[in-house]
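I have placed the structure first, in the form of structure tokens, so that the comments after it can refer back to it.
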Amino acid sequence: MNRKQRRARKAAGQTSPDLQALLRAAREHAAAGDAGGAEVRYQAALAQAPREAECLFYYGTFLVDLGRHEEARRLLEGAAKARPTSVAVWANLAACQIATGDRKAAAHSAAKALERSPRDDSLRGLLREAVSNRPLDADETAAMSHLPGLVAAPGIVPAELLEPVISVFARSAGRLMAAPADADGEACCRAIAACAPLMALLPITLINDTALEAVLTAARNHLLLASDRGAEWFLPLASALARHCFLAEFVYEETPEEAAAVADLARRDGLEDADLCVIGCYRPISGLVAEAAPTGRTPGPAASVVALQVTAPAERRRIAEEMPALTAVRDEISSAVQGQYEDNPYPRWVVPAIAPTARTVEGHLNDVPGVAPVSMPSRSVRPKVLVAGCGTGRHAIYTATAFACAEVLAIDLSRASLAYARQKADEFGVENLTFAQADILELGRLDDRFDVIESSGVLHHMADPMAGWRVLVDLLKPGGVMKVGLYSEAGRAGERRAQAIVRERGLRPDAEGIRRMRAEVKALAAAGDDSLRLLTKALAFYSASECRDLVFHVMEHRFSIPEIEAAMAALSLDFLGFHLPDLRYIEALRAQLGPEVDYRSLAAWHRFEQANPLAFIGMYQFWCRKSPGGDAATGTTRGTPL
């Protein structure tokens, strides 16, 4: 082949026959498991054509499969320069950059791929991974332009997009965020309405930022008191904010002037769409619109508020009345906890957590960061799963979709919570999930035994957590596995400070008491209290029901890792590992205690937590296994009471 022919092939994006043969042979050796033979041929191809996109791409993806991401990244970056129109090159480069920890570069590469294939959900997933849980820099304009699409994409976890979206809004509305108390309400409205990703997020998640809360509060005030509602942005913004405030259960502060204005507006005859949306920013509109025929208007911004605040709650009341009861609720503390969650079922969630793939129990556990590899071949077919304390069902739905062919029973004390869960399971077509009212302490009457039991954030709200845990262990088949979530004494410093404020001020767990607690916490956090500043970053701080659960709970115990270890020994449970958010926790453990440390060692994690008190700031989430033939022993481990 002469030089002219080679130039023509390159212009057409083709490689020479000799080079194609080398690349084909390299791929065949790789497929046969001969990594050495494959690499020799990839190197020969690269030596022959060091700037050829196909050589760089195939060799790079081969190195990715070997875990040699830094080398792979250099090759894939070369491929992107050689063939900048290739979606596959940009996508693989983005994945490689994520693996090397350079998420900013990964966001750029994923955005390049999305520009060429804008409907590809897998590319949105790559970009979401690249931007999640971090603010975006000013030069990440390509990633910013795709944020509204990410918010609407399947599989989204809305909270993961809060930091990038808030950073985008803060960049466009810096003066408002810097001094929100002095901000003009109309300016706040215009800034929010102009920020497409924020408008998309508002109706589906809480917003964990005190400055942005103040901007939203100022905008809400303007929507209520404005004399001119003719602006194009008015109704879409009022609708989005009404749906957001409903999720937050109207926890934002309001003035007496606002309360009076809302009451006056609600008394008017012939309420317009704008009126309903504005009132819905402050109060549920369920008393203002007929449940049976919620609106005769054309579906639009007001209709979505009516559906959320009127139609869906009416349906939940019907579901609650029909919810079956597996057990009585006789225990005094169980009855008090039930009352709390009947009044305040939480969380009010919109976007489900659906597992991307249904796996066997063994396959699921072996993918969990921090959990030791397990072998459970006998539980691969139709496992029976119990979710003990399912709340409003978001995690129960995930569990039902995560375990292949599973039969899932989800129980809770609160009919209101169960009704929300049942409604959402029906909405998202989850059919292998049964809900029922029950008290864990009474479950010993059940004849069923389970392969998997999950009880997260429940046992520490019982008078004697060990008594409830023992009942669950007795319901677990020998060799079965259990996921437990318990509060960490060390990790709840901010909550303990807020609980002290509640006690000192004599605050009640009602709207006024919760707002007063939040106002004082925000003021102290702004004055430099680090533990309370961290509390204001928790999503739970931005919902009335979740604030009540977080700070005003009728019963709470907190634990240490040695107490958990003693409890598992008493219950004949083997520790399998903490359910960690990602592998960075294990990397941090090894960095502190040495590369040979056993990440399944509770003693090692206790030493780690002593040096890093906020390591388990949410709660301890861990998996354990019932010893074959093991029965729950007697004993009491209460943790530290509130």
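Here are the numbers for this structure:
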read-out: Residue under evaluation residue 378, criteria (1) of a type in the set (Ser, Thr, Tyr); (2) out of contact with any helix residue (DSSP H, G or I) (no Cβ under 9 Å at 6 or more places or on another chain); (3) at pLDDT 90 or above, criterion not met; value: (3)
read-out: Failed criterion for residue 616 (all others in (1) in a loop (DSSP other than H, G, I, E, B); (2) modelled with pLDDT under 95 hold); value: (2)
read-out: Residue that is closer than 14 Å to residue 208 by Cβ and either in contact with a strand residue (DSSP E or B) (Cβ under 8 Å, 6 or more places away or on another chain) or small (Gly, Ala, Ser) (or both), where the choices are 153, 159, 142; value: 159
read-out: Qualifying residue in segment 98-113 (condition: more than 28 Å from residue 224 (Cα to Cα), assigned to a helix (DSSP H, G or I) and modelled with pLDDT under 95); value: yes
read-out: Condition broken by residue 88, with the remaining ones in (1) closer than 28 Å to residue 136 by Cα; (2) in contact with a Gly (Cβ under 9 Å, 6 or more places away or on another chain); (3) free of Cβ contacts under 8 Å to residues at least 40 places away in the same chain; (4) surrounded by fewer than 18 Cβ atoms within 10 Å (Cβ to Cβ) satisfied; value: (2)
read-out: Restricting segment 114-131 to residues that are at pLDDT 95 or above and among the small types (Gly, Ala, Ser), the residue that is most open to solvent (accessible area, probe 1.4 Å); value: 117
read-out: Count - residues of segment 599-613 that are part of a helix (DSSP H, G or I) and open to solvent by 50 Å² or more (accessible area, probe 1.4 Å); value: 5
read-out: Residue ID - surrounded by the fewest Cβ atoms within 10 Å (Cβ to Cβ), chosen from residues in segment 209-254 that are among the hydroxyl-bearing types (Ser, Thr, Tyr) and in contact (Cβ under 8 Å) with a residue 24 or more places away in the chain; value: 210
read-out: Positions within segment 407-420 being hydrophobic (A, V, I, L, M, F, W, C) and either closer than 15 Å to residue 326 by Cβ or surrounded by fewer than 24 Cβ atoms within 10 Å (Cβ to Cβ) (or both), in sequence order; value: 408, 409, 410, 411, 413, 416, 418
read-out: Count - residues of segment 346-367 that are over 19 Å from residue 623 (Cα atoms) and open to solvent by less than 30 Å² (accessible area, probe 1.4 Å); value: 4
read-out: Selected residue [surrounded by fewer than 24 Cβ atoms within 10 Å (Cβ to Cβ), in contact with a Gly (Cβ under 6 Å, 6 or more places away or on another chain) and part of a helix (DSSP H, G or I)] from 471, 371; value: 471
read-out: Qualifying residue in segment 569-590 (condition: over 21 Å from the mean Cα position of the chain (by Cα), part of a helix (DSSP H, G or I) and touching a residue at least 60 places away in the same chain (Cβ under 8 Å)); value: yes
read-out: Single match in 561, 514 (criterion: among the hydrophobic types (A, V, I, L, M, F, W, C), in contact with a strand residue (DSSP E or B) (Cβ under 8 Å, 6 or more places away or on another chain) and modelled with pLDDT of 95 or more); value: 561
read-out: Filtered residue count, segment 421-441, keeping only those that are touching a Lys or Arg at 6+ places or on another chain (Cβ under 6 Å) and crowded, with 23+ Cβ neighbours inside 10 Å; value: 1
read-out: Of all residues in segment 186-208 being in contact (Cβ under 8 Å) with a residue 40 or more places away in the chain, open to solvent by 30 Å² or more (accessible area, probe 1.4 Å) and more than 23 Å from the chain's Cα centre (by Cα), the one that is farthest from residue 170 (Cα to Cα); value: 186
read-out: So residue 495, is it crowded, with 20+ Cβ neighbours inside 10 Å and assigned to a helix (DSSP H, G or I); value: yes
read-out: Helices (runs of 4 or more DSSP H) wholly inside segment 215-317 that include at least 3 residues being at pLDDT 95 or above and acidic (Asp, Glu); value: 256-266
read-out: Condition check for residue 134: at pLDDT 95 or above, touching a Phe, Trp or Tyr at 6+ places or on another chain (Cβ under 7 Å) and surrounded by fewer than 23 Cβ atoms within 10 Å (Cβ to Cβ); value: no
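The values are calculated or read from the model by the stated rules, or taken from the named source; none is laboratory data. As the structure is a computational prediction, the values presented were derived from the model and not from experiment. With ideal geometry, Cβ positions are generated from the backbone for all residues, glycine too; neighbour counts draw on all protein chains shown. Only protein heavy atoms, including side chains, enter the accessible area calculation; ligands, DNA and RNA are left aside. Shrake-Rupley method; radii C 1.70, N 1.55, O 1.52, S 1.80 Å.
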